């Protein structure tokens, strides 16, 4: 009984440490270690873990083979992708499909010159409730019962540090835009 109590205390302490680390991360400047990477290799690295863990989820890869390599901090982009894919897995209650699509963005506002790569993560879930869409990237905004609402705000901050954009474009779809010319 004492052993079980100690295990519970250690588990909660570890969880709190994670929350404190995330809050601390949000409050400081991000120092990126950018290197040239193939974005598809990074995405596949993230998906490999999810595919092994969630066999009832169909992961659909729609990758543009003509994408150039981009300059990113691999560790931080893995963090963003892991968060978005985890959110998608939770949104579909661990069964359904998740599509990851890449390409060159020609968005009229954010990428009119076709100078950004897009990564779209779409799932078979219901999408984000309309009343939360404007607050989605603010800390402490969550649709989950026990969610802290830190994952998307951290992801937003990381993408912004890359001179990119993370947004919800509706239809259960999140989009990451990253510069092709990996600005410093």
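A short reminder: the numbers here are calculations on the coordinates, not readings from a lab. Computed from a predicted structure; not experimentally measured. Note that we place each Cβ from the backbone using ideal geometry, even for glycine, and neighbour counts take in every protein chain shown.
Considering the zone a paramagnetic label at residue 35 would reach in this model (a point 7 Å from Cα along the Cα-to-Cβ line), which residues of the range 69-97 have amide N under 20 Å from it?
69-82
Multiplying the sequence separation of residue 171 and residue 45 by 0.36 nm and subtracting their Cα-Cα distance, what value in nm do you get? Present the calculation step by step, with values, prior to reporting the outcome.
Values: separation 126, 0.36 × 126 = 45.36 nm, distance 2.54 nm.
In short, 42.8 nm is gained.
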